[in-house]
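Just below is one structure, and these are the notes that go with it.
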Amino acid sequence: MTRSLKNRQRRDIKGSDSVNVSPSKKKPSGAELNSDLEIFSKEVLKSLIKNNLPPTPNNFSLYFDRLLEDKSENFRKQIMSMLELEENNDAENTISLEQNLRQSFSSIKSILNITAALYKNISLMTKILQKRKDELDDSKDDIGSKNIISALGGDVLKLNSILKKQNISLKSHYDETAKVIKNVENETIFDNKYGVYNKRYLLTKIEQETALVSEFKHSSSLIMIELSKKLIKGINNEKATILMTRTVARLLLKTSRRSDTVAYYGGGQFSMLLKHTSLENAKKTSERLVDLVSNSNFFLADNEIKLKLAIGITDINSSNSVEEIIINAMDGIEKAYLDKNTDFAVSI
């Protein structure tokens with residue numbers, strides 16, 4: 001189900017201080033588009049200054065995406081087309097590298113298994129030849145036949161010796177490769193099962209955002225998401241639960257902004273780090289997620305199942321540790337289960 005993080009659709013709460021840019025309905029020329037883009041870029045810069053944020057590349061990109069959602073569909077498409085031509089996402093490259101390394105490791109492991117099987121078969125052949133040689137020695141057959149068998153046995157023994165050395169060498173290289181892969185896995189940022197970022201990367205991003213919130217005093221939020229426990233219990237099918245969880249991951253990517261961090265935390269729980277997003281806007285995001293997931297079709301055999309989420313919301317508070325922020329969001333999930341009128345709740 002892995003979906004390109006680069007091409008996913010992203011939406012977010014509309015900014016409150018945005019001014020509409022209204023390009024003509026016909027496709028604008030390059031000069032016209034550049035003019036509209038210049039006006040829009042000034043608006044982004046103005047919004048950053050208004051919110052007392054330094055116009056760093058990261059902040060500019062974040063507000064660029066956020067304010068772009070307020071523009072006309074035609075203008076958004078034109079800008080996104082330009083961005084796709086020049087976009088160079090290091091995280092995308094890292095994810096691709098991780099996937100290739102896993103595939104390479106799998107291939108090396110297969111080679112080792114095949115070589116081991118070949119070595120085993122050669123050893124078996126050696127035993128068979130020795131058995132036949134012993135049988136010939138006990139018989140009164142032609143001496144020439146015995147010499148041929150003896151010579152063949154010697155050749156097989158030499159081959160067996162060479163293959164044994166090569167197998168030992170290959171195993172040594174395999175062990176070294178396994179160590180490299182293990183070290184890489186300890187630094188990975190991607191969850192291969194669900195096609196989103198992993199827990200390690202999420203915790204790093206929360207820690208970074210906490211420091212930024214402390215420095216610049218803006219609002220950011222974290223939401224934790226899981227499939228309803230009641231739904232999972234009612235299905236009672238591990239394979240179906242995995243498929244439903246993958247569906248949720250795909251929908252989270254579909255609805256997130258480029259600046260959002262969508263990650264798999266573990267235990268069936270996902271998380272979205274919403275930068276520059278207040279708790280009220282995080283609620284709106286959660287409401288949108290609930291509607292999107294509940295309106296998605298999921299079939300198990302001939303039965304259509306309505307997916308249901310439980311979402312916990314908390315703020316990124318510089319006075320809390322990363323662990324406390326995570327715990328607050330998880331507490332929000334438990335509150336959501338207790339409230340029959342909603343599928344999400346705030347806990348701070």
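The values are calculated or read from the model by the stated rules, or taken from the named source; none is laboratory data. Nothing here was measured: the structure is a model prediction, and the numbers come from that model. Quick reminder, even Gly has a Cβ in these numbers, built from the backbone with ideal geometry, and neighbours come from all protein chains shown. To get the accessible areas, we keep the full protein, side chains included, count just its heavy atoms, and leave off ligands, DNA and RNA. Shrake-Rupley method; radii C 1.70, N 1.55, O 1.52, S 1.80 Å.
Give me the number: length gained by fully extending GLU304 to LEU243, i.e. 0.36 nm times residue separation minus the C-alpha to C-alpha distance, one decimal in nm.
Here the answer is 20.6 nm.
Efficiency by 1/(1 + (r/R0)^6): what FRET value for LEU159 and GLU187, r their Cβ-Cβ distance, R0 = 30 Å, to the nearest 0.05?
0.10
Using a probe of 1.4 angstrom, how much of the accessible area of the range 114-208 is carbon and sulfur, in percent?
57 percent
When we measure straight from the Cα of LYS171, which lysines land under 19 angstrom away, once same-chain ones fewer than 8 places off are left out?
Straight-distance partners of LYS171: LYS109, LYS120, LYS179, LYS182.
Between LYS230 and GLU323, take the C-beta separation as r, use R0 = 25 Å, and let me know the FRET efficiency to the nearest 0.05.
Calculated value: 0.35.
Report the full-extension gain for the segment ASN297 to SER41: residue separation times 0.36 nm, less the Cα-Cα distance, to one decimal in nm.
Extra length from ASN297 to SER41 when fully extended: 88.2 nm.
Using the beta-carbon distance between THR342 and ALA211 and R0 = 30 Å, what value does 1/(1 + (r/R0)^6) give for FRET efficiency, to the nearest 0.05?
Step by step, r from the Cβ atoms, then E = 0.40.
Strictly over 29 Å apart at the Cα level, which of LYS71/LYS306; LYS306/LYS335; LYS71/LYS275 would you flag in this model?
Numbers: LYS71/LYS306 33 Å; LYS306/LYS335 21 Å; LYS71/LYS275 20 Å.
Pairs exceeding 29 Å: LYS71/LYS306.
Using DSSP to define loop residues, name the chymotrypsin sites (Phe, Trp or Tyr not before Pro) in the range 204-305 whose beta-carbon has at most 11 other beta-carbon atoms within 10 Å.
Answer in residue order: no site qualifies.
Send over the semi-axes of the range 198-348's equivalent ellipsoid, whole angstrom and largest first, taken as the square roots of 5 times the C-alpha gyration tensor eigenvalues.
After scaling each eigenvalue by five and taking roots: 27, 15, 14 Å.
Alpha carbons only, please: Rg and Dmax for the range 246-299, in angstrom.
Taking only Cα atoms of the range 246-299, I get Rg and Dmax of 11.4, 37 Å.
In nm, to one decimal, how far is the modelled label at ILE114 from the one at MET82, with both set 7 Å along Cα→Cβ?
Roughly 5.1 nm, to one decimal.
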